[in-house]
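Quick notes on the structure that follows.
The values are calculated or read from the model by the stated rules, or taken from the named source; none is laboratory data. No experiment lies behind these values; they were computed from the predicted model shown. Glycine gets a Cβ as well: all are built from the backbone with ideal geometry, and neighbour counts include every protein chain shown.
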């Protein structure tokens with residue numbers, strides 16, 4: 001299958017790093033693609049940790065809701081994510097970690113992954129820690145349904161957290177605006 005990617009949003013900031021998906025991002029897509037499916041989007045019941053073994057440390061699973069106070073709830077966050085941020089994100093709302101001025105719209109494009117043209121998503125954004133330390137992160141995300149309760153879930157990996165960083169992770173951080181977003185064709189085109 002030939003994968004088509006269309007940029008959904010890209011920063012106009014001159015001198016930004018070009019957006020290219022990493023080998024890990026492609027490998028994660030292949031692992032997601034191998035999940036048995038009845039249709040384009042797999043059911044949560046088919047998720048098996050062994051399928052994602054190389055990525056588990058930096059894997060997350062979020063549940064999407066329409067209400068802002070629960071819009072993107074973390075269900076799982078791997079050890080690498082917890083260590084880099086200094087907090088266990090399980091049960092927390094992603095929106096609580098974005099700047100106030102972006103909370104109304106943050107996380108809304110994830111819903112497009114479940115639209116008329118289901119798709120994956122690749123995002124590049126920064127996380128800024130309280131001490132001013134910034135890290136450029138890349139997130140690769142794919143849709144999953146929980147057919148038992150009708151939930152929309154997104155499984156993803158994050159790349160960019162260093163192992164030996166020069167700051168103390170203390171749960172004081174915020175996710176900055178994305179500077180690049182691409183939709184990934186998973187068999188239905190891209191929105």
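See the values below:
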item	result
Options 76, 41, 26: the member that is within 21 Å of residue 117 (Cα to Cα) and free of Cβ contacts under 8 Å to residues at least 24 places away in the same chain	26
Per-region count, region 66-89, residues within 23 Å of residue 143 (Cβ to Cβ) and touching a helix residue (DSSP H, G or I) at 6+ places or on another chain (Cβ under 9 Å)	13
Every residue from region 48-80 that is over 21 Å from residue 107 (Cβ atoms) and outside any helix (DSSP H, G or I)	48
Single condition residue 54 does not satisfy, out of (1) modelled with pLDDT of 90 or more; (2) under 16 Å from the mean Cα position of the chain (by Cα)	(2)
Residue check for residue 92: in contact with a strand residue (DSSP E or B) (Cβ under 8 Å, 6 or more places away or on another chain), under 26 Å from residue 54 (Cβ atoms), surrounded by fewer than 18 Cβ atoms within 10 Å (Cβ to Cβ) and modelled with pLDDT of 85 or more	yes
